[in-house]
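Peer 1: For reference, the structure I am asking about is given below.
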Amino acid sequence: ATMVQKYQSPVRVYKHPFELIMAAYERRFPTCPLIPMFVASDTVNEYKSEDEAIHVIERRCKLDIDAPRLLKKIAGVDYVYFVQKNSLNRRERTLHIEAHNETFSNRVIINEHCSYTVHPDNEDWTCFEQSASLDIKSFFGFESTVEKIAMKQYTSNIKKGKEIIEYYLKQLEEEGITFVPRWTPPVACKSESSTSHPRRPVSPAINIPESATKEGLSNKEILNSSSSPSEPTAGTPDDKLDADYIKRYLGDLTPMQESCLIRLRQWLQETHKGKIPKDEHILRFLRARDFNIDKAREILCQSLTWRKQHQVDYILDTWNPPQVLQDYYAGGWHHHDKDGRPLYVLRLGQMDTKGLVRALGEEALLRYVLSINEEGLRRCEENTKVFGRPISSWTCLVDLEGLNMRHLWRPGVKALLRIIEVVEANYPETLGRLLILRAPRVFPVLWTLVSPFIDDNTRKKFLIYAGNDYQGPGGLLDYIDKEIIPDFLGGECMCEVPEGGLVPKSLYRTAEELENEDIRLWTETIYQSASVFKGAPHEVLIQIVDASSVITWDFDVCKGDIVFNIFHSKRAPQPPKKDSLGAHSITSPGGNNVQLIDKVWQLGRDYSMVESPLICKEGESVQGSHVTRWPGFYILQWKFHSMPACATTNLPRVDDVLASLQVSSHKCKVMYYTEVIGSEDFRGSMTSLESSHSGFSQLSAATTSSSQSHSSSMISR
């Protein structure tokens with residue numbers, strides 16, 4: 001297997017004229033004390049043009065590679081020879097360097113190209129660039145070792161390159177050489193040369209204010225102060241990145257990391273002609289995949305496609321969050337932490353997740369979270385400018401005061417997981433730190449449900465404080481300045497984040513209303529909706545393979561009263577035939593209605609009831625679970641609840657009659673969600689709940705005898 005490694009450097013800018021840099025560069029030969037492995041070099045070939053504008057020199061360089069003795073023994077060599085060809089053009093003021101290995105050239109192919117050129121915006125500055133490729137075809141079975149050694153040697157040399165030039169510049173200065181005149185054509189053939197080689201027009205050197213360079217601004221920002229600050233790379237040739245810009249805006253990257261960024265960015269420019277993400281965002285995807293360029297490219301492309309498909313950029317510029325969100329979503333931006341990262345405060349414990357999902361649907365909730373993330377990206381960029389150093393992530397402070405069973409509502413958790421998934425995929429490496437405060441005893445449950453969905457890198461950034469621990473040592477003050485600790489955490493700073501609170505049920509919307517929302521980011525919704533008619537219940541089949549699974553359900557009775565049952569059957573019911581639904585087959589869209597229990601089946605013979613029937617009134621939300629004892633088929637059934645006649649006489653009571661008249665057209669509506677959980681996962685969450693609440697039973701208004709079936713139904717009224 002052959003391995004090809006590529007390297008591409010950023011542009012390094014020396015604020016010295018080309019000729020002086022050349023004088024410094026020449027001093028590296030024939031040997032250079034700063035590069036111990038560079039033992040010797042001999043000139044093999046040399047060519048000079050008559051006017052001395054062109055000077056080509058070919059050298060054979062002898063390197064003592066720092067490799068294990070054993071490897072050298074196996075390879076049978078002490079030194080590695082390289083051929084280096086330097087082509088200097090004094091007229092154009094360029095130096096091109098080509099190098100390749102002579103030793104082992106049939107096993108390993110190393111090619112390197114470097115260039116020194118004049119800075120396009122300032123002719124008294126010099127740019128340096130370097131690219132290389134390493135292709136290991138075979139090496140006595142030590143291919144990966146050789147690759148590691150080569151990469152290590154190479155990257156350390158890249159770092160040295162700049163120091164060496166600076167060392168010799170200093171040496172020149174100490175000898176009193178601070179200026180080397182430019183090449184001029186020999187006088188004899190002046191008239192001829194000026195026609196054949198017109199000198200480049202000289203652009204006036206721009207005086208860079210001293211203070212600006214001290215402040216760490218890169219020259220390009222000053223030169224192009226007119227261009228928009230969001231593209232600070234405007235001054236580099238062909239839209240390349242320069243080393244100073246990387247350090248100032250993107251941080252300290254190793255040479256290989258810089259190379260990955262530059263290559264991925266180049267690839268994007270070639271393939272995505274339109275809009276390509278900002279450098280710091282490309283870098284986030286690389287970090288998320290440990291700088292594996294192929295993996296990073298894959299997730300970045302998926303994210304770009306996702307943005308395009310869902311018009312994310314457009315949504316965020318044009319979408320106004322509904323009032324419900326502004327009133328009840330208890331989160332907002334609040335200054336910054338001690339590292340200068342934007343700080344987002346979320347009072348999750350005060351937030352009615354269920355109410356928000358029901359009033360808005362997941363769509364709007366997801367969109368709102370996306371707009372928060374986009375705002376986060378914008379704030380990072382802003383803070384990078386303000387604090388004078390790269391800031392690429394934010395800190396999130398989550399206050400769990402008030403967290404309770406309502407937050408374990410399964411569809412809410414499911415919505416949360418889906419949101420986390422979308423955010424992880426499209427905003428990687430944006431969370432710098434997550435501070436979780438006032439975690440109640442219920443928290444471990446939520447954590448076990450959510451943590452598998454969170455990337456390992458991200459999980460390392462979580463700090464969790466129970467109760468008031470955040471006020472103690474190692475607490476909040478380590479991360480956030482005293483002046484901005486929010487009032488609700490005992491600080492002095494007024495925090496504008498909404499208080500949250502329960503979303504009024506009057507704002508809840510039905511599945512159909514949510515279905516008709518304009519922009520959709522997800523195709524399927526969590527909830528199913530069903531219609532139940534007199535004589536035509538709605539039934540859902542769940543097949544259980546592992547005897548001790550847990551069936552969980554969560555439903556809202558939108559209209560009418562119903563009876564909820566759960567049955568077990570050893571044999572599979574026949575799939576429903578469409579015509580068997582009779583008159584009810586023409587139900588409204590979204591109002592599905594399915595019967596599975598065959599009319600000839602007898603309760604107790606063909607199927608059995610595993611929970612007592614539960615009567616649920618209009619407007620009720622019901623949650624429950626059943627631990628299965630046997631494999632086979634379980635049927636959840638929602639049945640029309642007909643009014644019982646008066647117990648004492650068999651005559652119907654007046655209010656019963658009136659009530660039954662109010663149930664228009666004998667149709668009920670249910671929105672439901674079911675899920676089967678492995679008992680292990682469920683038991684974990686049950687036991688930790690019991691420690692904090694002694695089970696669901698206390699909370700539940702209608703508890704079926706939980707001793708016999710370990711199950712209970714909880715109704716949150």
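The values are calculated or read from the model by the stated rules, or taken from the named source; none is laboratory data. Note that the structure is predicted; figures quoted are calculated from it, not measured. Note that each Cβ is placed from the backbone with ideal geometry, even for glycine, and that neighbours are counted across all protein chains shown. Note: areas computed on protein heavy atoms with side chains; ligands, DNA, RNA excluded. Shrake-Rupley method; radii C 1.70, N 1.55, O 1.52, S 1.80 Å.
Peer 1: Could you tell me whether region 282-298 includes any residue that is of a type in the set (Val, Ile, Thr), more than 13 Å from the chain's Cα centre (by Cα), open to solvent by 70 Å² or more (accessible area, probe 1.4 Å) and not assigned by the TED database to the domain that holds Asp455?
Peer 2: no
Peer 1: Shifting gears a bit: Quickly run through region 596-622 and pick out the residues that are closer than 20 Å to Gln528 by Cα, open to solvent by 30 Å² or more (accessible area, probe 1.4 Å) and in contact with a helix residue (DSSP H, G or I) (Cβ under 9 Å, 6 or more places away or on another chain).
Peer 2: The answer is Gly619, and nothing else.
Peer 1: Any chance you could count how many residues in region 301-313 are closer than 16 Å to Leu377 by Cβ and free of Cβ contacts under 8 Å to residues at least 40 places away in the same chain?
Peer 2: So the answer is 2.
Peer 1: Quick one: is Phe128 touching a residue at least 12 places away in the same chain (Cβ under 8 Å), out of contact with any strand residue (DSSP E or B) (no Cβ under 9 Å at 6 or more places or on another chain) and either surrounded by 16 or more Cβ atoms within 10 Å (Cβ to Cβ) or not assigned by the TED database to the domain that holds Glu163 (or both)? Walk me through it before giving the result.
Peer 2: Details: touching a residue at least 12 places away in the same chain (Cβ under 8 Å): yes; out of contact with any strand residue (DSSP E or B) (no Cβ under 9 Å at 6 or more places or on another chain): no; either surrounded by 16 or more Cβ atoms within 10 Å (Cβ to Cβ) or not assigned by the TED database to the domain that holds Glu163 (or both): yes.
Considered against the rule, which asks whether it is touching a residue at least 12 places away in the same chain (Cβ under 8 Å), out of contact with any strand residue (DSSP E or B) (no Cβ under 9 Å at 6 or more places or on another chain) and either surrounded by 16 or more Cβ atoms within 10 Å (Cβ to Cβ) or not assigned by the TED database to the domain that holds Glu163 (or both), Phe128 comes out as no.
Yes/no per residue for (1) modelled with pLDDT under 95; (2) among the polar types (S, T, N, Q):
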site	(1), (2)
Glu50	yes, no
His55	no, no
Leu63	yes, no
Gln84	no, yes
Ser87	no, yes
Arg93	no, no
Asn101	yes, yes
Arg107	yes, no
Cys127	no, no
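Peer 1: Here is a further query. Could you grab me the full set of residues in region 1-45 that are small (Gly, Ala, Ser) and open to solvent by 20 Å² or more (accessible area, probe 1.4 Å)?
Peer 2: Within region 1-45, Ala1, Ala23, Ala40 qualify.
Peer 1: Please go through region 65-90 and give me each residue that is among the charged types (D, E, K, R) and either touching a helix residue (DSSP H, G or I) at 6+ places or on another chain (Cβ under 9 Å) or farther than 30 Å from Thr126 by Cβ (or both), ordered by number.
Peer 2: Filtering region 65-90 for residues among the charged types (D, E, K, R) gives 66, 69, 72-73, 78, 85, 90.
Answer for region 65-90, where residues must be among the charged types (D, E, K, R) and either touching a helix residue (DSSP H, G or I) at 6+ places or on another chain (Cβ under 9 Å) or farther than 30 Å from Thr126 by Cβ (or both): Asp66, Arg69, Lys72, Lys73, Asp78, Arg90.
Peer 1: From the residues in region 41-88 that are part of a strand (DSSP E or B) and of a type in the set (Phe, Trp, Tyr), which one is nearest to Phe140 (Cα to Cα)?
Peer 2: Once the filter is applied, the top-ranked residue is Tyr81.
Peer 1: Separate question: Go through region 335-358 and count every residue that is open to solvent by less than 10 Å² (accessible area, probe 1.4 Å) and farther than 20 Å from Pro411 by Cβ.
Peer 2: Result for region 335-358: 5.
Peer 1: Within region 639-656, does at least one residue satisfy the condition of being within 48 Å of the chain's Cα centre (by Cα) and either modelled with pLDDT of 55 or more or closer than 26 Å to Arg358 by Cβ (or both)?
Peer 2: Yes, the conditions are met somewhere in region 639-656.
Peer 1: Out of all the residues in region 358-369, is one or more out of contact with any strand residue (DSSP E or B) (no Cβ under 7 Å at 6 or more places or on another chain), farther than 27 Å from Tyr672 by Cβ, hydrophobic (A, V, I, L, M, F, W, C) and assigned to a helix (DSSP H, G or I)?
Peer 2: Checking region 358-369: not a single residue is out of contact with any strand residue (DSSP E or B) (no Cβ under 7 Å at 6 or more places or on another chain), farther than 27 Å from Tyr672 by Cβ, hydrophobic (A, V, I, L, M, F, W, C) and assigned to a helix (DSSP H, G or I).
Peer 1: Among the candidates Ile454, Ile480, single out the residue that is open to solvent by less than 20 Å² (accessible area, probe 1.4 Å) and at pLDDT 90 or above.
Peer 2: Every option except Ile480 fails the conditions.
Peer 1: Separate question: Starting from region 466-487, take each residue that is touching a residue at least 40 places away in the same chain (Cβ under 8 Å) and list its partners that are open to solvent by 40 Å² or more (accessible area, probe 1.4 Å), counting only C-beta distances under 7 angstrom and pairs at least six apart or across chains.
Peer 2: That search, which allows pairs on different chains as well, returns Tyr479/Lys338; Tyr479/Arg433; Ile480/Lys338; Asp481/Lys338; Ile484/His335.
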